[in-house]
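All remarks here apply to the structure that follows.
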Amino acid sequence: MITFIFIMAILIGILVLGFCFHLVGSILKLVLKLAICLPCAVLCAAVGVIFCCTLLLIPLGLACFKLAGFILHPLKPCMI
C-alpha cells in the first residue's frame, strides 16, 4: 500500500511539473510574439503600404503584406 501511495505521489508530481512547464512555455511564446514578431510584422506592413503607393512596386508591397501575415501566424497559410 505504501508503494502505491509513493507511485501515485510521483505521478501527481510529474503531472503538476509537466503542467508548469507547459504554462511557462506558453507564456514565453506569448512574450516572444509580442516583443519580436509583432514589431517585425508592423514594420513589414508599413513597408508594404509604402511600396503599394508606387505603381511599379505593388507586387512587392503585396508580398510584404503576406510576409507580415506569415510572421504573425507561421503555421497558418496567409491568403491575400
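Quick notes on this structure:
- Overall Cα dimensions of the chain, principal axis frame, Å, largest first: 79, 22, 9
- Taking only protein heavy atoms and a 1.4 Å probe, the accessible area of the chain is 88% carbon and sulfur.
- Crossing angle, helix 58-72 versus the chain [Cα axis fit, 0-90 degrees, rounded to tens]: 10 degrees
- Spacing of the modelled spin labels on Cys53 and Phe6, each 7 Å from Cα toward Cβ, amounts to 7.3 nm.
- In the chain, the DSSP-assigned H stretches of four residues or longer account for a calculated mean residue ellipticity at 222 nm of -27000 deg cm²/dmol, using -39500 (n - 2.57) per stretch and the full residue count as denominator.
- Extension gain, Ala63 to Phe21, is 11.4 nm, computed as 0.36 nm per intervening residue step minus the present C-alpha separation.
The values are calculated or read from the model by the stated rules, or taken from the named source; none is laboratory data. Everything numeric in this text was worked out from a predicted model, so none of it was measured. Note: ideal-geometry Cβ built from the backbone for every residue, glycine included; neighbour counts use all protein chains shown. With ligands, DNA and RNA removed, areas are computed over all heavy atoms of the protein, side chains included. Shrake-Rupley method; radii C 1.70, N 1.55, O 1.52, S 1.80 Å.
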